[in-house]
Structures are given as C-alpha cells and as structure tokens.
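Peer 1: First the structure, which I've put down as structure tokens, then a few questions once you've had a look.
What follows is calculated from the coordinates using simple rules that are stated; it is not laboratory data. Quick caveat, the model's predicted, so the values are computed rather than measured. As a convention, Cβ positions derive from the backbone with ideal geometry for all residues, glycine included, and neighbour counts pool all protein chains shown.
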C-alpha cells in the first residue's frame, strides 16, 4: 500500500535562509510524487512533480525536490526563503488505484522577518 | 470557466440535516475528485469520477455520503443526516484525463460547519 509521511508538522525559518521540508513515502511500485502548496484562504496549487524522469525536479517559486529511491524520500528545498513562502505544504504520492492521490498531513511553513 | 468553482463557499447546518455541495470543474476535464480537509488531518480522499462514472468510491466515510456527476461536468456531494464530525473543508479538483501523473486543479473549497 502507498503512504506518505511528512516528518514535520511545523517549520519556522528566517527570511533569506534555506528551507527544508521533509517527506518520506512508501510504495509497492514506482510512484509519482508531488508537492502542493496551500496559501491562507487560497486553493491548493501544484509546486512540482516527479514522474520517473529526472530525480531532481524544479518547481515554481524557486523550489526543488530530489527523489531518492534508496531513502524513499522526496524532500522539498529552497535556497532562500521569502515571506511569501509562508503557507502549508503537502507531499503527495500516487495511490494504488487510478485517481487516488494520497496526501501527507501537511507542513506549515512560517517565515520570520 | 477559468478554474474549478465550488459552491457554497461556506455552509452552516444543524446536526441531522442534509447538505449538498457543488463542484464545477474546468471545462473539458474528464476527471473530478472530492477530498475532505479537517484541521490537522491533511487531505482525505473521498471519491473520484472519470466522466460520469465513479471507479473509486473507497474513500466515502459512510453510507451517509454520496456523490454524482452528470453530463461529465458538474458534480454534487451529498451528506445526509449530518453529524458534527462532518465539519471540514470539502475540496474538489479536476484534471484533464485522470492520469496519476497529472496536475490537479483545486477549487477553493466549501467550509462545512455542523452545529
């Protein structure tokens, strides 16, 4: 069965410092992996996705994630945080049946001035 | 329309009443999804439509929950005899073909409060 674990429910960084949001997954086959972002009072938006091409995936707003099969991880990073990055981030793995995407519980990112 | 539209944006109801939540997907998108987002619980998959058919209903939490989609477009999620634990944000999403590789386009959700 497929599952996804976001290791931190809340991450706080200072503006201009690196961001690391951790995600581990479990899958019985080669999964598709995604990161979505939800800004306050806004809909979920896709940041980036991995679908078995390049293991380092670049997304919008300077975010990127690296698929590491040996570690079953798909951590999200950004070199320098901006105030506008404050939001909730969800790691997602494709489920066992068509149409079923499994969302992690989310990591709330706070950015301090 | 330009995006996924959900209505109402907020719904307050009394325990035991029935509610209907509506989703208008992006025109031409064949796949439509319903998720539930509870505080601190992430997103819970409810149901998925490919056209008007629902190949996966595994996420519906009880038989009080049902959903339909007509004309390959609008979908309605119905909750009968609402309970306080049904209070959550109900999110709808659509995608062009329903491939697991595709990006989902989300609506802004319906905040349901059951008193």
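Peer 1: Let me know the Rg and Dmax you get for the stretch B:58-107 when you use only its Cα atoms, in Å.
Peer 2: Just the Cα atoms of the stretch B:58-107 yield Rg and Dmax of 13.0, 36 Å.
Peer 1: Just want to confirm a number: the relative contact order over chain A, from Cα pairs under 8 angstrom separated by 6+ residues, in percent.
Peer 2: Reported as a whole number, the value is 37 percent.
Peer 1: In Å and on Cα atoms, what radius of gyration and Dmax does the protein assembly as shown show?
Peer 2: Over the protein assembly as shown's Cα set, Rg and Dmax evaluate to 17.6, 51 Å.
Peer 1: Roughly how far apart, in whole Å, are the Cα centres of the stretch B:20-82 and the stretch A:37-113?
Peer 2: Computed from Cα coordinates, the inter-centre distance equals 24 Å.
Peer 1: Name the residue, out of B:41, B:83, B:50, whose mean-square fluctuation peaks in a Gaussian network model built on chain B with Cα pairs under 10 Å.
Peer 2: Checking each option, the largest mean-square fluctuation is seen for B:41.
Peer 1: Quote the convex hull volume per residue of the stretch A:16-64, based on C-alpha atoms, as a whole number of Å³.
Peer 2: In the stretch A:16-64, the Cα hull volume divided by residue count equals 110 Å³.
Peer 1: Modelling each spin label as a point 7 Å along the Cα-to-Cβ direction, I'd like the residue B:15/residue A:20 distance in nm, to one decimal.
Peer 2: Distance between label points: 4.6 nm.
Peer 1: Once Rh for chain B is found with the Kirkwood sum over Cα pairs, what is the Stokes-Einstein diffusion coefficient at 4 °C and 1.567 mPa s, in µm²/s?
Peer 2: 93 µm²/s
Peer 1: Apply 1/(1 + (r/R0)^6) to the Cβ-Cβ distance of residue A:83 and residue B:66, taking R0 = 41 Å, and write down the FRET efficiency to the nearest 0.05.
Peer 2: 0.45
Peer 1: Right, another one. Counting residues in the stretch B:11-77 as N, plug N into 2.2 N^0.38 Å and put the Cα Rg over that result.
Peer 2: Here the Cα radius of gyration is 1.16 times the empirical estimate.
Peer 1: Taking each pair of distinct Cα atoms in chain A once, what is the resulting Kirkwood hydrodynamic radius in Å?
Peer 2: Its Kirkwood hydrodynamic radius stands at 14.1 Å.
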